[in-house]
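I have placed the structure first, in the form of C-alpha cells, so that the comments after it can refer back to it.
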Amino acid sequence: MDDWELEKKKQVIGLYGEMRLSMKLHELGWQVHRAYIDEGIDFTITKYWCSKCKEYHNQWIRYGMHSGKKHKCVTNLCDKCRTTELQVVSRYLQVKTSEGKPTDKDDVRKFSFHPKIRYDMSDDVFYVWIAVFDNKDEKLCHFYIINTKDVQKFDNILLPTYQVTDNQKTELPIRNDGVVLKKGITQSDGSKYNYSLFNTRFYNDFGILEK
C-alpha cells in the first residue's frame, strides 16, 4: 500500500470513528455539531440543563391556536417543570481514531495516540480516542474519553517533543476487548505515569462529559 492509499485509509477510518461516536452521543441525548474547518476541535456537543429539576431535559414544545390553526412553538423552558429556562451545557471534543498496527498476538494491536490539543484546556475540553478492531460482522470501536488536564497522568508533558513539536505520541498495546495492556512506568525523576487509567477511568466513560 503506497502513501496515498494509506492516507486515504486513515481518513476513512477517522470518518468511521467520528460517525460511530456521534451516534453514541446522540443516543445519550447530546446534540452533536461538527466543525467544518479543523482547528483542533472536531465536535461541539450540547445538552440542556434545568437548574430547578437538577437534571438534563429537552426544550418544552408548546402548542397553541392562532387564526383557527394549531401551531407549534419550541420554547427555552424545561419540558418537565415548564417554568425554568434551560441552560446550555457545551463540551468540546478532539477525536482521534486508529486501527493500530499488528503485534505478535492475534488479539492485540499497538495504537499510537497523538493529541494536538495539549495540556489543561479547562473542564470542558476532552479527547476521545477511538481504537478500531475488525470484527466478523462489524468493526468494533473502543472509546477512551479523557479530559485534557488528565494527560499529564500518563504522559510527560515537559518533554521537548511536547514543548517544541507536535510529534509526541503515546503507544499503547490494546486487546480486542478494549483492555490496555501497558503497565505504569516510573521516570528517572521519580514521576509515575499510570496507563491503567485507560481501563479503570477513561474506558467508555461518557458520564464524565456530564459532570
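The values are calculated or read from the model by the stated rules, or taken from the named source; none is laboratory data. Note that the structure is predicted; figures quoted are calculated from it, not measured. Every residue, glycine as well, gets a Cβ built from its backbone with ideal geometry; the counts of neighbours run over all protein chains shown.
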Query raised in the report: Which one is surrounded by the fewest Cβ atoms within 10 Å (Cβ to Cβ) among residues in segment 33-50 that are in contact with a helix residue (DSSP H, G or I) (Cβ under 8 Å, 6 or more places away or on another chain) and assigned to a strand (DSSP E or B)?
Result: R34
Query - Subset of segment 51-72 [exposed (fewer than 10 other Cβ atoms within 10 Å of the Cβ) and hydrophobic (A, V, I, L, M, F, W, C)] - result: M65
**Report entry** Filtered residue count, segment 11-32, keeping only those that are free of Cβ contacts under 8 Å to residues at least 40 places away in the same chain, over 14 Å from the mean Cα position of the chain (by Cα) and part of a helix (DSSP H, G or I)
**Finding:** 3
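Answer with yes or no whether E55 is within 27 Å of S122 (Cα to Cα) and outside the structural domain of K8 (by TED's automatic domain parsing).
Details: within 27 Å of S122 (Cα to Cα): yes; outside the structural domain of K8 (by TED's automatic domain parsing): yes.
So E55 passes the test.
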